[in-house]
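Bear in mind these aren't lab numbers, they're just calculated from the coordinates by the rules spelled out. If you're wondering where the values come from, they're calculated on a predicted model, not measured in any experiment. Positions of Cβ are backbone-derived with ideal geometry, glycine not excepted, and every protein chain shown enters the neighbour counts.
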């Protein structure tokens, strides 16, 4: 990593490029960005999942986080408000808070693309199989899910990072940097 950092600084690429060296190139529509090297790509049998990554657990957590990039078709996936309500429905809010108080919504521009992020914390209602009405639900306390809607002309693309809150927090900066790096 030290040689990589020096090479990046000498060539004028800067620290952000060095941090992403060795990762996987992710293409969403006409845009691409390389993941941090610590993210491990894994295969998925779910057809609308374009990419799935495992992000290493933080010290003290028992599970890794997962990052998914999905695409259900151009101009599909529904409006933002029903998606936010669906994502909130996947959680019980922390004690003493409403689900709206446990949800943070932000908007940003990534190049010419509007990106909305929806960050939710609480007890995750882990369902398997996920969309089955008869699915077994396993409560996972202290979980966090960050959803990003990448609303490009050839999208929208849906990205989410989910896992134990401490683990997700440990990857938040690299997730944000990766998202902002799409060109």
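Numbers at a glance
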read-out	value
Cα centroid separation, the stretch 143-183 to the stretch 40-87 (Å)	9
Sequence of 50, 108 once ranked by neighbouring C-beta atoms within 10 Å, starting from the fewest	108, 50
Label-to-label distance, nm, for residues given as residue 105 and residue 62 (7 Å Cα→Cβ offset)	3.4
Fewest-first sequence of 138, 54 by Cβ atoms within 10 Å of each Cβ	138, 54
Per-residue [θ]222 nm for the chain (sum of -39500 (n - 2.57) over DSSP H runs n ≥ 4, rounded to 500)	-6500 deg cm²/dmol
Helix 165-180 axis, angle to the chain major axis (alpha carbon atoms, nearest 10°)	50
Rounded, prolate or oblate (a/c below 1.5 giving rounded, otherwise prolate when a/b exceeds b/c) for the chain by Cα gyration tensor	prolate
The stretch 77-157 shape via C-alpha gyration tensor axes, a/c threshold 1.5	oblate
